[in-house]
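Q: Questions regarding the structure given below will be posed in turn.
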Amino acid sequence: MEVLVLFLIVFLGSSLLLRIPVAFGIGLGGAVVFTVYGYSMNSFSQTGFYGLDNFSLLAIPFFLFAGAIMEYSGISKSIFNFIDSFVGRVRASTGTVAVFACALFGALTGSTQATIAAIGKIVFPEMDKRGYEPAYQAALMASAGFLGVLIPPSMTGIIYATASGISIADAWMCTLIPGILLACLFSAVNYIHRRKVEPKIAEPFVMSQYVKHIGVSTKNAFWALLMPVIIFGGIYGGIFTATEAGAISALYGLVYYLINKKRNPQNVSGTVKDMMMFTISLTGVILLIMAFANVACKAIAFSGISQELVTLITENISSPIVFLLIVNVLFIICGMFIDSNAAILLFVPLLTPIADAYGIDQVQMAGIILVNLCMGAISPPFCVNVFVTTKLKKTQYVEVVHYIWPFLGCCVVILILMMFIPGLSTWLPALLK
């Protein structure tokens with residue numbers, strides 16, 4: 001237990017107090033543990049190297065590149081119009097469109113910040129026209145932005161699969177139903193907040209015009225919407241693996257970008273070089289975290305703490321539900337203060353054997369942890385998504401937090417349901433096997 005405490009003191013102290021990047025904080029904590037307890041430093045470097053010797057990790061740069069392409073290809077407007085064609089006549093529709101546009105765009109990019117920035121550029125001016133409070137806009141987008149992590153594919157799911165041993169497909173699909181439910185609850189919160197403010201649509205409803213509008217918007221968004229269909233159709237159709245799907249998505253995205261650039265150059269921003277540089281830099285950050293996290297896990301494994309934790313927790317806590325409550329609290333806090341990928345790589349290997357001891361399905365565990373990490377991103381005091389949207393809307397942090405509580409409440413409701421109804425996480429992965 002002393003090994004884990006020493007590592008956490010060095011890691012959290014250096015990362016939070018000294019502002020050292022998370023990857024180097026993890027590496028420093030691992031190095032201190034290796035030195036203090038006399039573990040072989042040859043193992044330090046070897047563990048970092050072999051931790052990255054995993055074929056599945058090739059999916060990371062491919063999906064990052066595909067996401068960057070989709071971000072720069074100007075598809076956010078077509079996705080917004082596609083969602084708006086279905087629900088645009090509903091009162092408070094702008095907020096609802098923003099929520100589902102974030103979910104759909106996030107499914108293409110897998111990035112929270114990219115989703116907030118791309119969809120925010122479209123919806124913020126429209127919300128301003130309709131009288132949405134700036135702080136409320138920021139809270140809504142901060143909450144909806146993380147739906148891209150829950151709606152597959154996502155980088156976080158790949159990292160979780162690597163850390164836990166479950167398949168990438170299971171790590172992706174275990175959050176799909178919770179993600180959709182959260183999108184519906186966020187839309188309900190928006191409707192309740194705006195129903196007495198926004199007037200009803202004055203124009204009479206004409207079915208032919210409504211259907212025509214849907215047809216036009218679907219045509220414009222068709223090629224963007226086809227990408228996830230190809231990915232999951234190929235994976236579950238047995239045509240290619242999740243890793244190979246990353247390469248397919250990158251190639252598809254590149255072809256889409258080049259065609260769109262030729263046909264609608266005004267809709268395209270950035271060059272292929274820009275997207276490659278973004279992909280390379282972010283891939284480097286993720287893999288560096290993974291390398292040092294593997295070193296830290298090796299140091300902790302040397303101490304035999306995994307079995308100690310299993311014994312300690314199972315002897316003192318008899319209920320699996322209480323254990324899951326502890327997991328919830330742990331990962332909400334992690335989501336507030338440290339990188340989600342680092343939290344997964346550090347704590348999931350420790351908690352996996354404990355979950356097995358309680359008979360908890362690892363796919364259910366994955367869904368709960370991933371939703372918790374997303375919830376942490378909007379939980380005060382240190383809520384990354386809120387900081388991003390506050391900057392975009394130039395509003396005050398305290399004002400945004402005032403509106404964030406109903407969305408946090410929705411997350412709590414979904415987490416409780418996931419704890420008591422494992423099928424919310426496990427049913428879809430089992431169905432698609």
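The values are calculated or read from the model by the stated rules, or taken from the named source; none is laboratory data. All of these numbers come straight from a predicted model, not from anything done at the bench. Note: ideal-geometry Cβ built from the backbone for every residue, glycine included; neighbour counts use all protein chains shown. With ligands, DNA and RNA removed, areas are computed over all heavy atoms of the protein, side chains included. Shrake-Rupley method; radii C 1.70, N 1.55, O 1.52, S 1.80 Å.
Q: Please enumerate the residues belonging to segment 11-30 that are open to solvent by 30 Å² or more (accessible area, probe 1.4 Å), in a helix (DSSP H, G or I) and either at pLDDT 85 or above or within 17 Å of Leu288 (Cβ to Cβ) (or both).
A: Answer for segment 11-30, where residues must be open to solvent by 30 Å² or more (accessible area, probe 1.4 Å), in a helix (DSSP H, G or I) and either at pLDDT 85 or above or within 17 Å of Leu288 (Cβ to Cβ) (or both): Val22, Phe24, Leu28.
Q: For Ile404, are the conditions met, namely being assigned to a helix (DSSP H, G or I), in contact (Cβ under 8 Å) with a residue 24 or more places away in the chain, out of contact with any Cys (no Cβ under 6 Å at 6 or more places or on another chain) and within 20 Å of Ile332 (Cα to Cα)?
A: yes
Q: Does segment 238-254 contain any residue that is at pLDDT below 85, in a helix (DSSP H, G or I) and open to solvent by 50 Å² or more (accessible area, probe 1.4 Å)?
A: Among the residues of segment 238-254, not one is at pLDDT below 85, in a helix (DSSP H, G or I) and open to solvent by 50 Å² or more (accessible area, probe 1.4 Å), which makes the answer no.
Q: Condition first: open to solvent by 20 Å² or more (accessible area, probe 1.4 Å) and part of a helix (DSSP H, G or I). Now tell me which residues in segment 48-64 satisfy that.
A: Answer for segment 48-64, where residues must be open to solvent by 20 Å² or more (accessible area, probe 1.4 Å) and part of a helix (DSSP H, G or I): Phe49, Tyr50, Phe55, Ser56, Leu58, Pro61, Phe62.
Q: For segment 33-40, does any single residue satisfy the condition of being under 25 Å from Met275 (Cα atoms) and either open to solvent by 60 Å² or more (accessible area, probe 1.4 Å) or in a loop (DSSP other than H, G, I, E, B) (or both)?
A: The answer is no, given that none of the residues of segment 33-40 is under 25 Å from Met275 (Cα atoms) and either open to solvent by 60 Å² or more (accessible area, probe 1.4 Å) or in a loop (DSSP other than H, G, I, E, B) (or both).
Q: Then there's this: Take Ala221 and tell me if it is over 22 Å from Leu58 (Cβ atoms) and surrounded by 12 or more Cβ atoms within 10 Å (Cβ to Cβ).
A: So Ala221 passes the test.
Q: If you scan segment 361-412, which residues turn out to be touching a Pro at 6+ places or on another chain (Cβ under 8 Å), closer than 17 Å to Tyr136 by Cα and among the hydrophobic types (A, V, I, L, M, F, W, C)?
A: If the condition is that a residue be touching a Pro at 6+ places or on another chain (Cβ under 8 Å), closer than 17 Å to Tyr136 by Cα and among the hydrophobic types (A, V, I, L, M, F, W, C), then Val386, Val401, Ile404 are the ones that fit.
Q: Against the conditions (1) at pLDDT below 85; (2) open to solvent by less than 30 Å² (accessible area, probe 1.4 Å); (3) touching a Ser or Thr at 6+ places or on another chain (Cβ under 9 Å), where does Asn267 fall short? Just the number, please.
A: Of the numbered conditions (1) at pLDDT below 85; (2) open to solvent by less than 30 Å² (accessible area, probe 1.4 Å); (3) touching a Ser or Thr at 6+ places or on another chain (Cβ under 9 Å), the odd one out for Asn267 is (2).
Q: Out of segment 415-432, which residues are open to solvent by 20 Å² or more (accessible area, probe 1.4 Å) and of a type in the set (Ser, Thr, Tyr)?
A: Matches in segment 415-432: Thr426 only.
Q: If a residue must be among the hydrophobic types (A, V, I, L, M, F, W, C), assigned to a helix (DSSP H, G or I) and open to solvent by 10 Å² or more (accessible area, probe 1.4 Å), how many such residues does segment 162-172 contain?
A: Summing the residues that are among the hydrophobic types (A, V, I, L, M, F, W, C), assigned to a helix (DSSP H, G or I) and open to solvent by 10 Å² or more (accessible area, probe 1.4 Å) in segment 162-172 gives 3.
Q: Could you list, in sequence order, the residues of segment 332-376 that are part of a helix (DSSP H, G or I), farther than 21 Å from Ile289 by Cβ and open to solvent by 20 Å² or more (accessible area, probe 1.4 Å)?
A: If the condition is that a residue be part of a helix (DSSP H, G or I), farther than 21 Å from Ile289 by Cβ and open to solvent by 20 Å² or more (accessible area, probe 1.4 Å), then Pro353, Asp356, Ala357, Tyr358, Gln362 are the ones that fit.
Q: Also: If I ask for residues that are aliphatic (A, V, I, L, M) and crowded, with 20+ Cβ neighbours inside 10 Å, which ones from segment 389-406 would you list?
A: Scanning segment 389-406 gives Val400, Val401, Ile404.
Q: So which helices (runs of 4 or more DSSP H) stay within segment 65-157 end to end and still have 3 or more residues that are open to solvent by less than 10 Å² (accessible area, probe 1.4 Å) and over 22 Å from Leu226 (Cβ atoms)?
A: Ranges flagged: 93-109, 112-129, 134-145.
Q: Can you tell me which condition Ser45 does not meet? The list is (1) assigned to a helix (DSSP H, G or I); (2) modelled with pLDDT under 85; (3) crowded, with 18+ Cβ neighbours inside 10 Å, and all the others hold.
A: Of (1) assigned to a helix (DSSP H, G or I); (2) modelled with pLDDT under 85; (3) crowded, with 18+ Cβ neighbours inside 10 Å, only one is false for Ser45: (3).
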